[in-house]
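The structure under discussion appears below in the form of structure tokens.
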Amino acid sequence: MENRRMHPGRIILALYELIKNSAIVFIFLFVLRRGSDAGWVVAGRWIFIAAISISILNIILSWWRTTYRLEADSVQIDSGVFSRKHRNVPFRRVQNVNRQVPAVLRLFGLTSLTLETGADGEDASVKFPAVTKAEAARIEEALDGYRRERMEAARAVPGTESVEGEASEIQEPLPEKARTVHFTAQLKDVLKASFLSFSFIALIPVLATVYSNIDDFIDIESRAEGFLSFLAGSGFVMSITIALFALAAIAFGIIRTYLKYGRYIISSDDERIYIRRGVLTEQSLSVRKKNVQAIQITETPIKRLLGLAEAKLVTVGSFEDNLEDISSLYPFLPKQRAVELVGELLPDVRLLDGMERLPKAALTVRMLRFPWIAVIGTIALYFWRPEFPYVPDWPFLAAALFSFTYLLRYFDYRNTRYAIRGPLVQFRKGGLWRETFLTRREKVIEASASQSWLQKRFGVATIGTTNRAKPVHVEELKDLPGAAAEQFDRWYTERNPELIPAGKEAEPWKTLQSES
Amino acid sequence: MELDIREPEGRISKKAVTVWRLSNTIGHGITLLVFAGLIIAGSRFGWWDWAMTVLWVFGGLTALSAVYSVFIEPVILQRTWRYGADEEFVKLRHGVITVQHQTVPMTKVQYVGLEQGPLLRKFGLYTLTVGTMGSNHSIPALPEQEAKEFRNRIARLAKIREEDE
């Protein structure tokens, strides 16, 4: 298989980013100080030109010197202008695939593609910053082809190998699999999202940034003061201004939410789940159903009041900035719909109803636990004695702190539920924020049960699960009956995952070596 | 009511008590010396009253915890530590006030290692570390023979891989 380069669009993308990052310096040196011939400005201009030239050269060279090659079971990447770096990323390490398509790339019909692995550090992901859509599809097909081949190899009788079959399967594009669309964001969803995420407040920091940026160059402070006194002069003008500002904030919020959550589509085929969103910048995630480690459903207090919930897939790959919430199945769905969606996407996972409640003894244990935060807070209040207008004296604050602590404990006790059934375990907990966690036994990489001295007295215990994610996802459920903790321990030791015999992994390497 | 979870058989070395006593004595001794130094300096140079109160309170707490962790904790901890491994799981159980049971599937073990600090070396003991994808667990104070056998056993059993990786 031949070495390939990224699409030349990579250069355009990098240049665009370079312009974006250096624009402020450019404006400063060449526009605002255009008349100046002070030594440092002149030197600055020359340094700027030199730096830009080097960057452009570097962009072109590093595009030229970066090549990748798809093998039967891995992707090989060579990069580096002077010191060369070779990377070999086996496909079996790839957990999920995501795409981030900024508007610039979309103009050229290109896409970026990132293969996420479970590894740590800078080699955790392989990024193809600019490839054509067909090439991105080819890379994904290579992944799928490898996986299918391995699954079949596991099923087939050991000893009967078909090396020919493997190779041809990867080169030919596989037939398009039927995708089912499960959810498409409608206008009402976007409106709901924009109000619930309080996106209209975001106008304030944006304005503040703009203001302070302009203020660096032009002294608008004095002008603004004049404007403010003009406003304060008339109640009518003032209220119109506030109304206009509110409208602007809402419009801004809706547009911002629309750009991020607009065209939100969740779909799936037999093998994978696809989530895409975004209007200008397109983001998408494709994750194998088998690689979903757990499901998390979060209900914030407001969402609980409105009967909404956010379901999230816990997956292994880490996501770059702006992408961390891409594994969410639309954050503003009615709870019932979110639960159904999980069932539709993952046939082997079903949210369990009729979960068990905690025993009365759990409430006693929880009330008896030492309230560290409240006690330390009270001590701090005692010494600090805050004196602000409208703030009550410290004993009231301390009393409020204590009642809040105990109220939350009670709510948490009321909300907590658990179920251990078949291959699934499900926890729900939380005082005001409520969270449901669901995973399969095979996905739990560590289980623990513990019992403190106090818990022992009341016959309750704590259980915990650890799931793969980055960083690992640790979930803990406190104060369930001792018998249930014992049941959990037995449940976990009956774990029975599909195994790959030792030595099986090494085989693809033999074929690789003979090829090259 | 104690949890009825079948616990592993392996016990750690009795010498662990001495090792922990020594290391805790050294650790707490240094902390206590620092506190004593500060208190002496404070009374010589007339520091604020509240600072002295804080020093006395924390110094006193350290002294109490020193008594606990030198005389009481090592004995109970050594007595309650259990470890073991079958074909499928590494199991650990330990804890004085809170008893912890941990179950780690063999297939999820990424590495096993032995470690030995100066104190442990003096007593011919090893700390065995089992690392998984997410965390690592240590079994403290194993005699050399047992430590090496257990390490090799886990290393052999952990070769098997799961489909999902």
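The values are calculated or read from the model by the stated rules, or taken from the named source; none is laboratory data. Just so it is clear, the structure is predicted and the values come from calculations on it, not from any experiment. So basically every Cβ, Gly included, is an ideal-geometry build from the backbone, and we count neighbours across all protein chains shown. Surface areas here come from the heavy atoms of the whole protein model, side chains and all, with no ligands, DNA or RNA. Shrake-Rupley method; radii C 1.70, N 1.55, O 1.52, S 1.80 Å.
Considering A:52, A:19, A:12, which residue is open to solvent by 80 Å² or more (accessible area, probe 1.4 Å), more than 14 Å from every other protein chain (Cβ to nearest Cβ) and more than 15 Å from residue A:126 (Cβ to Cβ)?
Values: A:52 fails: open to solvent by 80 Å² or more (accessible area, probe 1.4 Å); A:12 fails: open to solvent by 80 Å² or more (accessible area, probe 1.4 Å).
Just a single option satisfies the conditions, and that option is A:19.
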Of a type outside the set (A, V, I, L, M, F, W, C), within 7 Å of chain A (Cβ to nearest Cβ) and under 17 Å from the mean Cα position of the chain (by Cα): does that describe residue B:98?
-> yes
Criterion violated by residue B:17 - all others in (1) within 14 Å of another protein chain (Cβ to nearest Cβ); (2) surrounded by 16 or more Cβ atoms within 10 Å (Cβ to Cβ) satisfied = (1)
Go through the range B:106-135 residue by residue and tally those that are surrounded by 15 or more Cβ atoms within 10 Å (Cβ to Cβ) and within 14 Å of chain A (Cβ to nearest Cβ).
-> 10
Residues (among the acidic types (Asp, Glu) and at the interface with chain B (Cβ under 9 Å from one of its Cβ atoms)) located in the range A:424-477 = A:442, A:446
A careful count of residues in the range A:79-107 that are open to solvent by 50 Å² or more (accessible area, probe 1.4 Å) and within 14 Å of chain B (Cβ to nearest Cβ) gives 1
Which number in (1) at the interface with chain A (Cβ under 10 Å from one of its Cβ atoms); (2) surrounded by 19 or more Cβ atoms within 10 Å (Cβ to Cβ) marks the one condition that residue B:139 misses?
-> (1)
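Results for (1) modelled with pLDDT of 90 or more; (2) among the small types (Gly, Ala, Ser); (3) open to solvent by 10 Å² or more (accessible area, probe 1.4 Å); (4) outside any loop (DSSP other than H, G, I, E, B), shown as yes or no for each residue.
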{"residue": "A:284", "(1), (2), (3), (4)": "no, yes, yes, yes"}
{"residue": "A:290", "(1), (2), (3), (4)": "no, no, yes, yes"}
{"residue": "A:295", "(1), (2), (3), (4)": "yes, no, no, yes"}
{"residue": "A:298", "(1), (2), (3), (4)": "yes, no, yes, yes"}
{"residue": "A:313", "(1), (2), (3), (4)": "yes, no, no, yes"}
{"residue": "A:318", "(1), (2), (3), (4)": "no, yes, yes, no"}
{"residue": "A:323", "(1), (2), (3), (4)": "no, no, no, no"}
{"residue": "A:341", "(1), (2), (3), (4)": "yes, no, no, yes"}
Can you spot a residue in the range B:134-147 that is in contact (Cβ under 8 Å) with a residue 40 or more places away in the chain, of a type in the set (Val, Ile, Thr) and outside any strand (DSSP E or B)?
-> no
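Based on this model, can you work out whether residue B:27 counts as modelled with pLDDT of 90 or more, away from every other protein chain (no Cβ under 13 Å) and in contact with a helix residue (DSSP H, G or I) (Cβ under 8 Å, 6 or more places away or on another chain)? Before you say what the answer is, go through the steps one by one.
On the way: modelled with pLDDT of 90 or more: yes; away from every other protein chain (no Cβ under 13 Å): yes; in contact with a helix residue (DSSP H, G or I) (Cβ under 8 Å, 6 or more places away or on another chain): no.
So residue B:27 fails the test.
Quick check on my filter: what residues within the range A:421-445 are touching a residue at least 12 places away in the same chain (Cβ under 8 Å) and outside any strand (DSSP E or B)?
Going residue by residue through the range A:421-445, those that are touching a residue at least 12 places away in the same chain (Cβ under 8 Å) are A:421, A:423-445.
If the condition is that a residue be touching a residue at least 12 places away in the same chain (Cβ under 8 Å) and outside any strand (DSSP E or B), then A:423, A:430, A:431, A:432, A:433, A:441, A:442, A:443 are the ones that fit.
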